[in-house]
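This report concerns only the one structure given below.
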Amino acid sequence: MKLCIIGTGYVGLVSGTCFADLGNDVICVDKDLNKIEKLKNGIIPIYEPGLEELVKKNFKSKRLNFSTSLIDSVSQSDIVFICVGTPTKKKNNVADLNQIFNVAKKIRNSISRFKIIITKSTVPVTTGDKIEKILLRKKQKKLFSVVSNPEFLREGEAIRDFLYPDRVIIGTKDNKTNKILKNLYSPLISKGAKYINTSRRAAELIKYASNAFLATKITFINEIANLCEKIDIDVEDISIGIGLDKRIGGRFLRPGPAYGGSCFPKDTRAIVNMAKQFKTNLSLIKSVIRSNENRSNIMLNRLSKILKNKFKNKLICFLGVTFKANTDDMRESSSLKMMPFLSKKGSKINYFDPTGKKTEFNKLKNVSYVKNIKIALKNVDLVIIHTEWNDFKSLNFKTLIKKKNFIIYDMRNLYSPAKMKKDKIKYFGVGR
Ligand code: UGA
């Protein structure tokens with residue numbers, strides 16, 4: 001199959017590369033010439049384990065190509081995936097669809113034979129209907145089919161999530177289109193992915209509802225963790241105890257700092273606002289958003305108690321600052337709230353992150369990036385384990401930290417409280 005992927009962000013670049021690896025001819029298009037030139041030279045604009053090798057391999061074999069010419073690339077292709085960004089509009093929290101509609105307007109001039117136009121970006125319900133209208137404006141005959149095929153990949157696990165998905169959702173009621181797409185995805189279906197054909201609007205909503213549900217699950221365990229801290233129960237036992245019920249499931253029950261990233265915060269806000277347009281109140285999701293927005297305050301209150309409100313001149317080391325491990329993404333990371341708070345209170349902060357220095361903290365007083373975990377930890381009063389990188393899972397704090405009576409606040413519950421107690425280390429986790 002000849003595929004054209006428009007937008008080389010997370011979803012576009014990973015999907016395009018994996019489709020090429022599955023044997024398709026793929027052209028990835030982006031209007032950013034610099035990005036396209038870099039990709040042709042094997043330089044990947046995002047941090048994603050395994051992606052560089054896969055891009056290089058498929059570019060070399062000529063199954064994967066890069067271009068800035070949208071019109072030519074669409075003309076040569078049978079299937080076009082729209083993977084451009086859908087950021088939230090600041091003034092009303094609604095998804096900004098300008099990039100999607102601009103692409104649709106450009107595509108309509110390049111359709112001279114039947115093509116399938118797919119939205120892979122997360123788009124509000126009825127976006128497919130609007131794209132269809134834009135495309136129909138120039139066409140007498142309907143030479144295209146507009147489909148919703150949402151992507152469920154996670155940053156840091158993107159290749160595995162793409163190649164081994166739980167399900168492939170195809171939103172179209174057109175039989176011919178469905179047959180072609182089932183064939184495109186057949187390598188994944190034969191490895192166990194469930195193929196679901198549904199309406200376009202349902203496919204669009206499945207993506208938002210999935211992210212909202214996962215955000216709810218995390219928020220639920222975060223609130224249960226708050227309770228556990230008050231009554232001397234380890235929340236990890238609760239996650240296991242409830243997660244073994246197959247109706248609940250054990251994943252996404254890890255408590256931590258607020259959920260962040262480019263998806264959950266954006267998509268929970270977007271689904272609430274989308275529902276409002278259809279006069280529906282999603283009160284549960286609204287409450288999840290509020291709870292998550294308050295999560296950093298709860299963590300910082302606990303920290304105040306741990307430090308007995310004495311922040312001034314305390315040397316604090318942050319291990320990891322991104323919104324989660326295996327990514328360099330800082331979007332909506334809880335460290336963006338915690339670090340300025342601690343800097344204002346007069347603490348001195350060292351931070352280490354496997355993905356390097358972050359410009360977001362450049363202007364903060366007494367905050368320095370340290371290249372090496374050993375040096376970052378050397379003389380600290382307090383360690384905050386903020387993300388769950390493997391690099392942080394087996395540290396020997398007693399030999400690394402030269403000060404006596406240091407404290408560990410493990411926001412990801414990476415260590416065993418019993419072992420810490422045995423080693424006489426002052427240790428605090430989440431919900432324990
Ligand atoms: C999320 C979804 O998991 C993907 O399925 C979806 O495709 C993607 O959004 C998207 O819409 O594009 P992602 O944002 O990459 O993926 O990251 P997750 O691994 O889901 O983590 C999101 C946030 O939840 C992170 O801050 C993470 O630390 C937090 N989290 C996750 C927890 O606090 N506890 C958990 O048990 C799981």
Exercise. In terms of the Cα gyration tensor, with a ≥ b ≥ c the square roots of its eigenvalues, is region 78-163 rounded because a/c is under 1.5, prolate because a/b exceeds b/c, or oblate?
Worked result: oblate
Exercise. Between I242, I169, I218, which gets the highest mean-square fluctuation from a Gaussian network model of the chain, Cα cutoff 10 Å?
Worked result: I242
For this session: Specify the residue with the greatest mean-square fluctuation among D129, D25, D245, computed from a Gaussian network of the chain linking alpha-carbon atoms under 10 Å apart.
Result: D245
Seminar exercise, completed: Calc'd 3J(HN,Hα), region 6-22, phi into Karplus 6.51 cos²θ - 1.76 cosθ + 1.60 (θ = phi - 60°), Hz, glycine/Pro = x, comes to 9, x, 10, x, 3, 5, x, 5, 5, 4, x, 5, 5, 4, 5, 5, 7
For this session: Return one number: the angle in degrees, 0 to 90 and rounded to the nearest 10, between the long axis of the Cα atoms of helix 295-306 and the longest principal axis of the Cα atoms of the chain.
Result: 10
Exercise. Using 7 Å Cα-to-Cβ label points, what is the E223/S304 separation (nm, one decimal)?
Worked result: 2.2
Exercise. So what are the ³J(HN,Hα) numbers for region 121-127, from phi and the Karplus equation (6.51, -1.76, 1.60; θ = phi - 60°), rounded to whole Hz, Gly and Pro as x?
Worked result: 4, 6, 10, x, 4, 5, 5
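Could you estimate the translational diffusion coefficient of region 1-82 from the Stokes-Einstein equation, with Rh from the Kirkwood formula over C-alpha pairs, at 25 °C and 0.890 mPa s, in whole µm²/s? Before the final figure, lay out each step's value.
Numbers: Rh = 12.1 Å.
Here the translational diffusion coefficient equals 203 µm²/s.
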For this session: Only Lys, Arg, Asp and Glu count, each charged at its Cβ (+1, +1, -1, -1), so figure out the dipole size of the chain about its Cα centre, rounded to 20 debye.
Result: 920
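Quick one: of K179/K324; K276/K345; K89/K312; K305/K419; K337/K378, which pairs are farther than 28 Å apart, Cα to Cα? Working shown, then result.
Values: K179/K324 38 Å; K276/K345 40 Å; K89/K312 38 Å; K305/K419 23 Å; K337/K378 25 Å.
Over 28 Å apart, Cα to Cα: K179/K324; K276/K345; K89/K312.
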Exercise. What is the helix-to-structure angle for 175-184, meaning the angle in degrees between its Cα long axis and the longest Cα principal axis of the chain, kept from 0 to 90 and rounded to the nearest 10?
Worked result: 50
Exercise. Taking a label point 7 Å from the Cα of I233 along the Cα→Cβ vector, which residues of region 404-432 have an amide N closer than 12 Å to it?
Worked result: 432
Exercise. So who's got an amide H within less than 5 Å of the one on V168, skipping anything under 5 residues away but keeping other chains? H placed 1.01 Å off N, in plane.
Worked result: K194, Y195, I196
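Pull out the extension gain between S210 and L244, defined as 0.36 nm times the separation in residues minus the alpha carbon to alpha carbon distance; nm, one decimal.
Numbers: separation 34, 0.36 × 34 = 12.24 nm, distance 2.02 nm.
Here the answer is 10.2 nm.
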For this session: Return P(r) of region 173-241 (all Cα-Cα pairs; 10 Å bins starting at 0; whole %; ordered from short to long distances).
Result: 16, 28, 21, 19, 13, 3
Exercise. How much FRET efficiency would the formula 1/(1 + (r/R0)^6) give for K40 and S186, where r is the Cβ-Cβ distance and R0 is 30 Å, rounded to 0.05?
Worked result: 0.50
Exercise. Taking Cα atoms, how many degrees apart are the long axis of helix 98-107 and the longest axis of the chain, rounded to 10 and kept between 0 and 90?
Worked result: 30
Exercise. Rounded, prolate or oblate: which fits the chain, taking a ≥ b ≥ c as square roots of the Cα gyration tensor eigenvalues, rounded meaning a/c under 1.5, else prolate when a/b beats b/c?
Worked result: prolate
Exercise. Lysines near K60 by alpha-carbon distance under 20 Å, same-chain residues fewer than 8 away left out - which ones?
Worked result: K2, K35, K38, K40
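If I stretch the segment between F114 and S199 completely, what's the gain in nm (0.36 nm per residue apart, minus their alpha carbon distance), one decimal?
Working: separation 85, 0.36 × 85 = 30.60 nm, distance 2.02 nm.
Once the chain is fully extended between F114 and S199, it gains 28.6 nm.
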Problem set entry | Estimated distance in nm for a label pair at F278 and K133, the labels positioned 7 Å out from Cα along Cα-to-Cβ | 1.6
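Indicate the gyration tensor shape class of region 110-264 (rounded, prolate or oblate), computed on the Cα atoms with a ≥ b ≥ c the square roots of the eigenvalues: a/c under 1.5 is rounded; otherwise a/b larger than b/c is prolate and the rest oblate. Display every interim value, and only then the final one.
Details: a/c = 3.33, a/b = 2.28, b/c = 1.46.
Cα axes put region 110-264 in the prolate bin.
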Exercise. Stretched out fully, how many nm does the piece from N366 to D328 gain, at 0.36 nm a residue minus the Cα gap?
Worked result: 11.4 nm
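Every number here is computed from the coordinates shown, using simple stated rules; none is lab data. Quick caveat, the model's predicted, so the values are computed rather than measured. Note that each Cβ is placed from the backbone with ideal geometry, even for glycine, and that neighbours are counted across all protein chains shown.
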